[in-house]
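Input: a single structure, listed below in structure tokens.
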């Protein structure tokens, strides 16, 4: 029976009519094979004893004197070979499997994680920098190193599908999404002898599904030692119903051997207690750091604070711009547009405001608690009235009970407390699930004739088009569409509304106003899958307008489809505005500019409160600090005072520039100042904390060596573009250059073998139409980014490499001789593929690993051999020949070079050994902590190396 001892790792074998490379396999009596020149998707695990054809060693054919061709063949084969590598040599085991090219700043969390024996990391980078990518890099690297065998992502329910998609598209990881709807079908596939997460080693789980007692106990029983990634981690650490989430994470974090990555763009969220809870998941002791910004006298506290800095990476967008490699962020263009509550709408708003203020005043006199609740209810109601006619009607007709009925509730009852909490959340646009926030908080109103008159008035206004707010929006959209048409840009907006009723109203009005545009409405009424389908369908339009509630404001990636945000309804919480804008203004946005527009009522006291007290301050903070700092959690009396200050004003004045100006007067000046002071303290604390943690961050110069080695081992986007350009030219493929890095490719002009492979890779794509592709990220709108692992690059490199090895085509010849002025003596260039076995020594030995690299080696054929490796040899390959040689001379020189190679095998074996030592050093250098846990790494080259090509440079004028 054949086994893995007979066929060592990295050796070539032949079975099923083709040649394969032996890869690591843990299954008894089985062998794992990757087809020579094939991809990871074609990897097979077979049992030799039951194969119809015998498994046997395959001898890799050497180049010969008949495989001669043009000088470009050497570069073409070198690039095809490099771009085919998946388990490439270099500092990282995983990068050959990625479907994108990471930016250098995204390596910082990875390198921080690799310096920890057990990864405990909080990634709190700003919105849009790419936290999902950074977490995925860590997970993929640990998996490829054999340090983890399974992992679980916990995230809000609306992000489950997005995580599954990104893991597949970016990291080639097949993960399953676990929700209440999917779990039953998934469990059917698990045999009675298997553990759930052994069968599904990569899973993305809805936090809402897993937090219940039953599901939580099941999860803790089955998760074993799986790595944990928690997205939007701040939502698990605040009070209320989130306590269930936090207790679950506490239980999981109690296993000190578990790798944990926490992701959030808003780690503080204005709640110091929640922030401490978050830190405690990294290490229990961190919860004792009540104020990280204070210079503690205790040396123990100082040490703990410094230690935390090694587990937290928190960067603004401006911070990552200093790292090498282009940071792909657009320029944000901001604009403010205003309307006035004129005519019937102005009268209606004032009627509602005066009625509600009267109720609140009377309630406050009879019952302080009830009055406090009524001020919040009044503001919540007026936000609905300010939003849209449909929201006004729905808010007035959707009420709890009369004041008399609610008076039965005692001040200290849970129902009463929950009701007040609902109004506070409504007012402050809190951290609750964004799906719940597009519903109404039912106002507490009297069941009186006055209310009935207001409802009738709302109904009478609902069908009228004199809505000044919508007219303002329509004019703005019309102006923007005309503007971008002149400049050649595109304008693809997302219009965010607070309420479902408003979103439907705005969408319906826009369909009538802009019949040539495609308009869709996405709200919390839809399932996650339905939302994604709506967005994808709309994105196919040339002129899309997406109207959405805040169910799309957190975590969802819209940068591939849209490039503008309009805040139709203002949010009290400035973080919510940042989240909305971050859906399009983020890493990977295809447009150079994104437009963010804020719409507000110039004479609306509700907008005045939000705009002047909150948003203006938040804007100034971001200008000074570079990030948003949430409004601090103040006591209820101050918050009520702000609400009363706004609602008791009969009007809102404007300054000389037409901007909102709200004068709170002496009565509320103290309360407003207290808010300012508390907020300023939070700002100062955040500034000091960021100074502390920035000192622990890796600097650009520390990243560069690993960055350069990675690009040298795998090839970067420039290498991919050069290869594509040369290969398609040699294949006479029809292509046109659209810009410096963008092309259109006619697939029909490619060889049949490549066409069939592409059709299998893109089963739903119409390949009869030219493909629009780009080698720069982000790509231009309408173009697809092409990375080294893209099927187009894979099919081209496979076709050229397999054709050269089997002599099926002469596109890339394996040998040749050329006259060159770049050398002073007869020089042979050997193109080698070297494979290595990587073995860990230590008590917890993970899987056996394999690495491979393409090496270009130049050797003088006269006198004592001197070896030049990759860098210097590549310079020779970039030079063009200076003269032609006759065929007999070419064959003689190729034969001489091949004889030299056969007679000096020890020279090339020593070269492979040296490079193996460098590989071992690279592997351990970036994983400096692994020796404590996994031991050291030994690297053995699989000899002899594969000789792919042999090319001779003859000094100019000698022959």
Fill in the blank from the handout: Residue hits (segment 849-872; surrounded by 17 or more Cβ atoms within 10 Å (Cβ to Cβ) and either without any contact (Cβ under 8 Å) to a residue 24 or more places away in the chain or within 37 Å of the chain's Cα centre (by Cα) (or both)) are 849, 850, 851, 852, 853, 854, 855, 856, 868, 870
Problem - Conditions (1) in a strand (DSSP E or B); (2) more than 21 Å from residue 488 (Cβ to Cβ): number failed by residue 763 - result: (1)
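With respect to residue 131, determine if the residue is at pLDDT 85 or above and assigned by TED's automatic domain parsing to the domain that holds residue 898. Let's see the steps before the verdict.
Numbers: at pLDDT 85 or above: yes; assigned by TED's automatic domain parsing to the domain that holds residue 898: no.
Here the answer is no, as residue 131 does not meet what is asked.
Of the residues 165, 193, only one is farther than 20 Å from residue 249 by Cβ and not in a helix (DSSP H, G or I); which? Lay out the reasoning, then the answer.
Details: 165 fails: not in a helix (DSSP H, G or I).
Just a single option satisfies the conditions, and that option is 193.
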Handout entry: The one condition in (1) touching a strand residue (DSSP E or B) at 6+ places or on another chain (Cβ under 7 Å); (2) within 29 Å of residue 683 (Cβ to Cβ) that residue 554 fails to fulfil
Key = (1)
Exercise for the section: Mind listing just one residue for me: the one in segment 548-559 that is more than 19 Å from residue 503 (Cα to Cα) and touching a helix residue (DSSP H, G or I) at 6+ places or on another chain (Cβ under 8 Å) and, of those, surrounded by the most Cβ atoms within 10 Å (Cβ to Cβ)? Expected result: 555
Practice task
Assess whether residue 177 counts as being part of a strand (DSSP E or B) and surrounded by 22 or more Cβ atoms within 10 Å (Cβ to Cβ).
Solution key: yes
Exercise for the section: Scan segment 497-547 for residues that are touching a residue at least 24 places away in the same chain (Cβ under 8 Å), more than 27 Å from the chain's Cα centre (by Cα), surrounded by 14 or more Cβ atoms within 10 Å (Cβ to Cβ) and farther than 19 Å from residue 590 by Cβ and report the count. Expected result: 14
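Tell me which residues, restricted to segment 800-815, are outside any loop (DSSP other than H, G, I, E, B), over 25 Å from residue 777 (Cβ atoms) and touching a residue at least 40 places away in the same chain (Cβ under 8 Å). Walk me through how you get there before you give the answer.
Here is the first cut: in segment 800-815, the residues outside any loop (DSSP other than H, G, I, E, B) are 800-806, 815.
Then drop every residue that is not over 25 Å from residue 777 (Cβ atoms), which leaves 801-806, 815.
Of everything in segment 800-815, those that are outside any loop (DSSP other than H, G, I, E, B), over 25 Å from residue 777 (Cβ atoms) and touching a residue at least 40 places away in the same chain (Cβ under 8 Å) turn out to be 801, 802, 804, 805, 815.
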Problem - Considering residues of segment 747-784 that are in contact with a strand residue (DSSP E or B) (Cβ under 7 Å, 6 or more places away or on another chain) and modelled with pLDDT of 90 or more only, the residue nearest to residue 728 (Cα to Cα) - result: 747
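The values are calculated or read from the model by the stated rules, or taken from the named source; none is laboratory data. A quick note: this is a predicted structure, and the numbers were derived from the prediction, not measured. Methodologically, a virtual Cβ is constructed for each residue, glycine included, from the backbone with ideal geometry; neighbour enumeration extends over all protein chains shown.
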